[in-house]
Amino acid sequence: MKNVSRREFIKKSTLGGVLLATGTGALLNACSVKPKSLPKWKIGAYTRLWGNRYYLEALDGMVEAGYKYVGLSTHEKGRVVDRNSTSEFAAKVGEEIKKRGLTLVTNSGGSHDVSNSLEEGIAGLKRLIENSALCGAPVIQINAIHDPLLMDPFYKAISECCDYAAEKNMLITIKPHGQSGAFCLEQVKKVNHENFKLWYDPGNVFHYSFGETDPLDDAIGIGGHLAGMAIKDFQLPRDVNLTPGTGMVDFPKLMTILEDDGFIGGSLVVELVSQGDFAHLTAEAIKARKFIESITA
């Protein structure tokens, strides 16, 4: 072993310690870098918010109002994308969304029809899934039905299509449209498939019960089964055409209930605001966005 003077030993030891500390520090810093996290809440707007205008005008309104996320629903020609849309048009819708720097989070494409047969209902739902995939929707919303005679085949068709939707990287959800959220949750549990969830709509719960069923009561226990929510308010006698935060739905308390039950992230899509011309709708859309941002911050 080579003899080393005391001065050389101290010098080398000090340099080695510095290098070791520096290397360790760099390693720790590298390990502490966290990947960029996704937003907890995706606050978007439906095309319906801009009334019966063509969907392109609605998309432009979303950009102007500062939204990043899109919910397809209705426009001047009915549903923007449903089971009867052509594949070419569905693909074009997806391109127009991306062109504006927006991200599609859900397609409210109506329902499938089982009035003639279960087989026809399954075929129609598969077409809706295919068209929704073409426009880039990760989630489809199906409106719940009223007719008790069609209830079983309606949900049987959904059950038969859950795996098909999963193959398309798409989640199927049911939205209250005449029934309570609690009733829709019962159907979700009956289907019992991981690719079938609930999409809540507090405005509809109030609306279809003529103001008698409060979403604060209805929403207890459903949070863990939610994929998203339509942000829709309500006021008597039966009005849903108002800006969220100005009606009877207590959104801050509702969000607390849902979060406590397990809805800790997802899509919150504004469906309606108070009515007016394009400029008014866009201004109200901004108010709605800021309101939802304030209660989810």
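A short reminder: the numbers here are calculations on the coordinates, not readings from a lab. Quantities reported herein were computed from a predicted structural model and do not represent experimental measurements. Here Cβ is always computed from backbone atoms with ideal geometry, including for glycine, and neighbour counts include all displayed protein chains.
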(Q) Suppose we keep only residues that are among the acidic types (D, E) and surrounded by fewer than 17 Cβ atoms within 10 Å (Cβ to Cβ) within segment 251-297. Which one would you say is farthest from the chain's Cα centre (by Cα)? (A) D277
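Before we move on, is S267 under 24 Å from V105 (Cβ atoms), part of a strand (DSSP E or B), out of contact with any Cys (no Cβ under 7 Å at 6 or more places or on another chain) and of a type in the set (S, T, N, Q)?
On the way: under 24 Å from V105 (Cβ atoms): yes; part of a strand (DSSP E or B): yes; out of contact with any Cys (no Cβ under 7 Å at 6 or more places or on another chain): yes; of a type in the set (S, T, N, Q): yes.
For S267, the condition - under 24 Å from V105 (Cβ atoms), part of a strand (DSSP E or B), out of contact with any Cys (no Cβ under 7 Å at 6 or more places or on another chain) and of a type in the set (S, T, N, Q) - is met.
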Q.
If I filter segment 186-205 down to residues being closer than 18 Å to A45 by Cα and more than 14 Å from the chain's Cα centre (by Cα), which single residue comes out as surrounded by the fewest Cβ atoms within 10 Å (Cβ to Cβ)?
A. N204
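Which of the following residues is without any contact (Cβ under 8 Å) to a residue 40 or more places away in the chain, among the basic types (K, R) and not in a helix (DSSP H, G or I): K126, K189, K197?
Numbers: K126 fails: not in a helix (DSSP H, G or I); K189 fails: not in a helix (DSSP H, G or I).
That would be K197, the only listed residue that is without any contact (Cβ under 8 Å) to a residue 40 or more places away in the chain, among the basic types (K, R) and not in a helix (DSSP H, G or I).
Among the residues of segment 83-122, how many are touching a strand residue (DSSP E or B) at 6+ places or on another chain (Cβ under 6 Å) and assigned to a helix (DSSP H, G or I)?
Quick first cut of segment 83-122, residues touching a strand residue (DSSP E or B) at 6+ places or on another chain (Cβ under 6 Å) only: 97, 102-111.
With assigned to a helix (DSSP H, G or I) added as a condition, the list becomes 97.
Qualifying residue count, segment 83-122: 1.
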Q. Are any residues in segment 61-92 surrounded by 17 or more Cβ atoms within 10 Å (Cβ to Cβ) and touching a Lys or Arg at 6+ places or on another chain (Cβ under 7 Å), and if so, which ones?
A. A65, Y67, Y69, S73, T74, H75, R83
Q) Can you name every residue in segment 98-115 that is polar (S, T, N, Q) and either buried (at least 18 other Cβ atoms within 10 Å of the Cβ) or closer than 20 Å to L198 by Cα (or both)? A) T106, N107, S108, S111
